[in-house]
Every structure is written in C-alpha cells, then in structure tokens.
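Just so it is clear, none of the values below were taken in a lab; they were calculated from the coordinates. Bear in mind the structure is a predicted one, so any value in this text is a computation, not a measurement. As a convention, Cβ positions derive from the backbone with ideal geometry for all residues, glycine included, and neighbour counts pool all protein chains shown.
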Amino acid sequence: MTRAFDAEALRQCPLTETLEIHETIGSTNDRAKELVAAGAKLPALVLAENQTAGRGRGDHRWWASNGALTFSLALETTTAYAKQGLLALAAGLGVTDAVKATCHEAPQLKWPNDVLLQAKKLAGVLIESPRPGSLVVGVGVNVENRLDGAPAEIQQRACSLVDHGKATRQALLQAFLAAFNQRLSELESSDPQLLAAARSADALRGKSIEVLDGNQTYRGIGAGFADDGALLVQQGSTTIRVQAGSVRLCQTL
Ligand code: BTN
C-alpha cells in the first residue's frame with residue numbers, strides 16, 4: 001500500500017501554482033490541457049494515483065500499476081521551452097537528478113524521451129502542445145510499483161525503483177520539481193550545464209542504434225546531441241541529425 005501524496009508539502013515546491021491530485025483520471029496530460037484551456041494559473045501540476053487512459057508517445061498506451069508516479073506539468077511556453085528537443089532532455093534530466101538525490105543511482109537518458117536504469121526503462125516523458133503559448137510535460141516513473149503484473153514485454157525491458165532502494169513517490173516528485181525547475185532556468189539562460197549534463201548521461205553514445213524517423217530508418221552509431229537537442233548518428237564519415245523519432249539499440253551493426 002503506497003502512502004497518499006502530501007499536498008501541503010507539494011505546494012511549497014516550485015512549478016505548483018495550480019495543484020490537482022486525482023484518485024483516478026483518464027490521463028493527467030489530458031487534464032493538464034483542460035486546465036490550460038480553462039485559463040488556470042500556470043505552472044500547473046496534475047497528479048494521479050491511477051490513469052485509465054495513460055498515453056505514451058505515438059499511439060502507445062502507458063502501462064502503470066499501483067505505486068507508479070504519474071503526473072503532468074502545464075507550463076507557459078517561453079522562447080527557450082519552444083526548443084522541444086532541449087525541453088525533453090531537461091525533463092529527462094529532472095528524473096535522473098531526482099533519482100540520484102533519492103536513491104543514489106545514476107540513470108541514463110535514451111533519446112528522445114526515456115530514462116533508463118541499468119539498461120531498462122524506468123521512466124518516460126510525453127510532451128504535448130495544447131495551444132501556442134503553453135506546453136504539457138507528462139512524466140511516468142516506476143517508483144513504488146512492482147512490474148510482476150505487467151505484460152511480458154514490459155517486464156523484460158522496464159524496471160522500477162522499488163528494486164533499487166527505498167524512494168517514495170513523494171520524495172521523488174519533490175526532488176523532480178526542484179531539479180526540473182533548475183534545468184528549465186538553465187534552458188532559459190542557455191546555460192551550457194544543461195547540454196553537458198545531458199551528454200554525460202547519454203545512453204546511446206557509441207552504441208549501435210537504429211532510428212525510426214517517419215518512413216526513414218537510419219542505422220549507425222550514437223554520436224551525442226546537437227546544441228538543439230537533436231540526436232547525432234554517425235554513419236561512416238557522415239553525421240546525420242535526427243530531430244524526432246524513436247530509437248532501438250542493436251546488438252550488432
Ligand atoms: C513514453 O514513454 O512513451 C511516454 C510515457 C509518458 C507517460 C506519462 S504518465 C503521466 C502522463 N499522462 C499520460 O497520459 N502520459 C504521461
């Protein structure tokens with residue numbers, strides 16, 4: 001049984017001008033978009049114990065069990081946040097920073113939107129633009145939940161913090177809000193620390209990868225991130241920039 005969220009403690013954290021905590025909701029991203037449309041004070045944090053229609057990137061669903069941390073932040077878009085490649089890295093770093101602070105583990109970023117711990121997926125980020133001027137950053141992290149009841153494919157490639165220490169959702173969320181707020185200010189001020197941290201947490205660098213970008217598939221070696229957060233892929237003497245897509249790690253080239 002997981003403990004209920006401490007709303008008062010969350011109200012003291014950055015990025016919580018508006019705070020909603022739901023027992024059950026369709027998707028926190030959808031609720032955050034509704035808050036934007038209704039003119040709620042931003043940043044707004046929407047948290048849910050359970051989502052009945054949690055969404056992942058593309059047409060994927062987001063599977064979560066009791067004890068997972070699922071939330072969305074609605075933000076007013078500044079010029080800097082409009083660079084969505086960097087925003088996704090900033091959100092991923094918010095998770096890696098929070099895990100370091102609470103569990104003393106060092107997760108890695110799998111471009112564009114995943115956080116891996118020991119090569120397994122710990123968290124995913126879904127960024128959407130409800131309308132010009134605002135953005136919704138949705139985050140799902142396996143924290144206090146076990147994956148025993150998950151579909152076999154998820155059990156194989158995902159992991160949970162429950163097996164890596166004693167982090168609670170509350171502690172992880174508070175650490176995330178502090179860290180992400182700091183990463184957002186680095187993004188706004190073009191502080192090189194943001195990209196330096198992302199580059200040193202890059203799970204794909206030097207690895208054989210396959211990138212699916214629309215109808216195109218590229219194979220090559222992960223060669224880091226460009227200054228706008230695009231993925232660089234080395235193919236022989238050529239370096240390709242990929243702005244959007246999904247990545248598979250290959251065993252061999
Ligand atoms: C992915 O890995 O494809 C992204 C997963 C994002 C899941 C989170 S859970 C909270 C928020 N609400 C949603 O419906 N999705 C995101």
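When A53 is tested against (1) part of a loop (DSSP other than H, G, I, E, B); (2) more than 8 Å from the ligand (Cβ to nearest atom); (3) within 25 Å of I21 (Cβ to Cβ), only condition (2) is not met. In region 98-119, the condition of being touching an Asp or Glu at 6+ places or on another chain (Cβ under 6 Å), free of Cβ contacts under 8 Å to residues at least 60 places away in the same chain and within 25 Å of Q243 (Cβ to Cβ) is met by no residue.
Entry remark, region 65-98: residues being surrounded by fewer than 20 Cβ atoms within 10 Å (Cβ to Cβ), in contact with a strand residue (DSSP E or B) (Cβ under 8 Å, 6 or more places away or on another chain) and under 17 Å from S27 (Cα atoms) number 1 in total. Selection of region 56-68 for residues being within 17 Å of A158 (Cα to Cα), assigned to a loop (DSSP other than H, G, I, E, B) and within 10 Å of the ligand (Cβ to nearest atom) yields G56, R57, H60, W62, W63, A64, A68.
When the residues of region 3-15 are narrowed to those that are within 16 Å of the ligand (Cβ to nearest atom) and more than 16 Å from G140 (Cα to Cα), which ends up surrounded by the most Cβ atoms within 10 Å (Cβ to Cβ)?
Taking the candidates together, the pick is L15.
One residue alone among G220, G224, G206 is under 14 Å from L86 (Cα atoms) and in contact with a strand residue (DSSP E or B) (Cβ under 9 Å, 6 or more places away or on another chain), and that residue is G224.
From the residues in region 40-64 that are among the aliphatic types (A, V, I, L, M) and more than 18 Å from A150 (Cα to Cα), which one is surrounded by the most Cβ atoms within 10 Å (Cβ to Cβ)? So the residue we want is V46.
Quick grid of which residues meet (1) over 19 Å from L47 (Cβ atoms); (2) not aromatic (F, W, Y):
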residue: L116; (1), (2): yes, yes
residue: I127; (1), (2): no, yes
residue: P151; (1), (2): yes, yes
residue: D163; (1), (2): yes, yes
residue: A171; (1), (2): no, yes
residue: Q174; (1), (2): no, yes
residue: F180; (1), (2): no, no
residue: P192; (1), (2): yes, yes
residue: A196; (1), (2): yes, yes
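Out of (1) over 20 Å from the mean Cα position of the chain (by Cα); (2) surrounded by fewer than 19 Cβ atoms within 10 Å (Cβ to Cβ), the odd one out for D227 is which? For D227, the exception is condition (1). I need a count of the residues in region 117-127 that are within 11 Å of the ligand (Cβ to nearest atom) and under 22 Å from K166 (Cα atoms). Qualifying residue count, region 117-127: 4.
At least 1 residues being in contact with an Asp or Glu (Cβ under 6 Å, 6 or more places away or on another chain) is the threshold, and among the strands (runs of 3 or more DSSP E) wholly inside region 188-235 those reaching it are 216-225. If you go through region 17-39 and pick out every residue that is surrounded by 21 or more Cβ atoms within 10 Å (Cβ to Cβ) and part of a loop (DSSP other than H, G, I, E, B), you end up with 1. Checking each residue of region 40-49 against the condition of being more than 14 Å from the ligand (Cβ to nearest atom) and either more than 20 Å from the chain's Cα centre (by Cα) or closer than 30 Å to I154 by Cα (or both) gives at least one match. Residues in region 79-95 that are within 15 Å of the ligand (Cβ to nearest atom) and out of contact with any Asp or Glu (no Cβ under 9 Å at 6 or more places or on another chain): Q84, L87, A88, L89, A91, G94, V95.
Is it true that some residue in region 99-110 is away from the ligand (no atom under 11 Å from the Cβ), in a helix (DSSP H, G or I) and either among the aromatic types (F, W, Y) or buried (at least 24 other Cβ atoms within 10 Å of the Cβ) (or both)?
The answer is yes; a qualifying residue exists.
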